[in-house]
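A quick write-up on the structure given underneath.
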Amino acid sequence: MRILMNWMEELFGVKKPIIAMCHLQPLPGDPHYNKEKGMDYVLECARRDLHALQNGGVDGIMFSNEFSLPYLTKVEPITIAAMGWVIGSLHEEIRVPYGVNCLWDPIASLDLCVAVGGKFIREIISGVYASDFGLWNTNVGQTVRHQMAIGGEQIKLLFNIVPEAAQYLADRPIEEIARSTEFNNRPDAICVSGLTAGSETDTQVLSRVKASVKHTPILCNTGCNKDNIVRQLTHSDGAVCATTFKYDGVFENAVDESRVREFMDIVKEFRKTL
């Protein structure tokens, strides 16, 4: 019998942690990579956002190639190498638990996570989807076996079961997907998203998923802000946040430390009621 272990509280040191995204600028090979500014500019932007997020009080960081649009479902080796160089360059400055998201490739995410000493990945690890990026297939058995083969047994797998810009190919209720994902795949957490980055996750969907699984933490994956975070955390075990921390709440902008601090002050007050 599986026993629910609150690994998130152990890792992050708090209940209902806030994992903040550190979005990397376009990388070599990406359509919008700035060749004139080069990788030094990518590192400079990542360093600025990292410190703003940490100074603002977030509980964890997830590094992502968010501006590699349009995304690949199997990334090029240069993407993994570039992300590894950035995260490695920042390693001594990271003060909170961190993970990676190499969009949209779970094998690449695992390789990167092992190489940089990360603690978790978030990816589309199971299911088949019709998406903006074409027919999107996965092979969870292969992914988990690769995790074991490269020595990544301790890496936590955050399964996104409602991927952005995609829909599950079979017409199945979200509760059924969550239950079968938990039973078949033993995810370390399940992420529930809105349509795109920054889109609010439906609280009713969060609540339904939370009620349908027995052993797995549920993360609100998109669209949290200072006005809805208490409601979203009431129906989940934590949140992944990004756009709300940017200047003016705009996806493309840099992180605004004052917005992070204001958001986290609300979260910390809420935690006192738990």
Original post:
Do you know which residues across the range 198-238 are within 20 Å of Phe120 (Cβ to Cβ), part of a loop (DSSP other than H, G, I, E, B) and either among the hydrophobic types (A, V, I, L, M, F, W, C) or touching a Ser or Thr at 6+ places or on another chain (Cβ under 6 Å) (or both)?
Top reply: Thr201, Val213, Asn221, Thr222, Cys224
Subject >> Hey, Asp237 open to solvent by less than 50 Å² (accessible area, probe 1.4 Å), in contact with a strand residue (DSSP E or B) (Cβ under 7 Å, 6 or more places away or on another chain), within 24 Å of Trp7 (Cβ to Cβ) and in contact (Cβ under 8 Å) with a residue 60 or more places away in the chain or not >> reply: yes
**OP:** Considering each residue of the range 210-225, count those that are in contact with a strand residue (DSSP E or B) (Cβ under 8 Å, 6 or more places away or on another chain) and within 21 Å of Met21 (Cβ to Cβ), and give that number.
**Re:** 7
Subject >> Top-ranked residue in the range 240-267 [being over 28 Å from Lys210 (Cα atoms) and among the small types (Gly, Ala, Ser); ranked as most open to solvent (accessible area, probe 1.4 Å)] >> reply: Ser258
Original post:
Tally time: how many residues in the range 99-125 are touching a residue at least 60 places away in the same chain (Cβ under 8 Å) and either in contact with a Gly (Cβ under 9 Å, 6 or more places away or on another chain) or over 21 Å from Pro77 (Cα atoms) (or both)?
Top reply: 4
**OP:** Among the residues of the range 68-83, write down those that are in contact (Cβ under 8 Å) with a residue 40 or more places away in the chain, open to solvent by less than 70 Å² (accessible area, probe 1.4 Å) and in a helix (DSSP H, G or I).
**Re:** Thr79, Ala82, Met83
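Conditions tested, residue by residue: (1) open to solvent by less than 60 Å² (accessible area, probe 1.4 Å); (2) on the phi < 0 side of the Ramachandran plot; (3) touching a His at 6+ places or on another chain (Cβ under 9 Å); (4) not acidic (Asp, Glu).
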site: Ala149; (1), (2), (3), (4): no, yes, no, yes
site: Ile155; (1), (2), (3), (4): yes, yes, no, yes
site: Arg172; (1), (2), (3), (4): no, yes, no, yes
site: Phe183; (1), (2), (3), (4): no, yes, no, yes
site: Arg186; (1), (2), (3), (4): no, no, yes, yes
site: Ser199; (1), (2), (3), (4): yes, yes, no, yes
site: Asn225; (1), (2), (3), (4): yes, yes, no, yes
**OP:** Check whether at least one residue in the range 64-87 is in contact with a Lys or Arg (Cβ under 7 Å, 6 or more places away or on another chain) and at pLDDT 95 or above, and report yes or no.
**Re:** no
Subject >> Top-ranked residue of the range 84-103 - restricted to ones that are part of a loop (DSSP other than H, G, I, E, B) and open to solvent by 10 Å² or more (accessible area, probe 1.4 Å), ranked as farthest from Gly13 (Cα to Cα) >> reply: Ile94
Original post:
Would you say Glu252 is part of a helix (DSSP H, G or I) and either of a type in the set (Asp, Glu) or within 21 Å of the chain's Cα centre (by Cα) (or both)?
Top reply: no
**OP:** Please give the number of the condition Gly57 fails out of (1) under 22 Å from Ala115 (Cβ atoms); (2) in contact (Cβ under 8 Å) with a residue 24 or more places away in the chain; (3) open to solvent by 10 Å² or more (accessible area, probe 1.4 Å).
**Re:** (1)
Subject >> Residues (part of a loop (DSSP other than H, G, I, E, B) and free of Cβ contacts under 8 Å to residues at least 40 places away in the same chain) located in the range 23-52 >> reply: Pro31, His32, Tyr33, Asn34, Lys35, Glu36, Lys37
**OP:** Answer yes or no as to whether Phe270 is surrounded by fewer than 19 Cβ atoms within 10 Å (Cβ to Cβ), more than 28 Å from Phe133 (Cα to Cα) and either at pLDDT 95 or above or in contact with a Gly (Cβ under 6 Å, 6 or more places away or on another chain) (or both).
**Re:** yes
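The values are calculated or read from the model by the stated rules, or taken from the named source; none is laboratory data. Given the structure is predicted, the values throughout are model-derived calculations rather than measurements. Cβ sites come from the backbone with ideal geometry, for glycine too, and all protein chains shown count toward neighbours. Ligands, DNA and RNA are stripped out before the accessible areas are found, and what is left, the full protein with its side chains, is counted by its heavy atoms. Shrake-Rupley method; radii C 1.70, N 1.55, O 1.52, S 1.80 Å.
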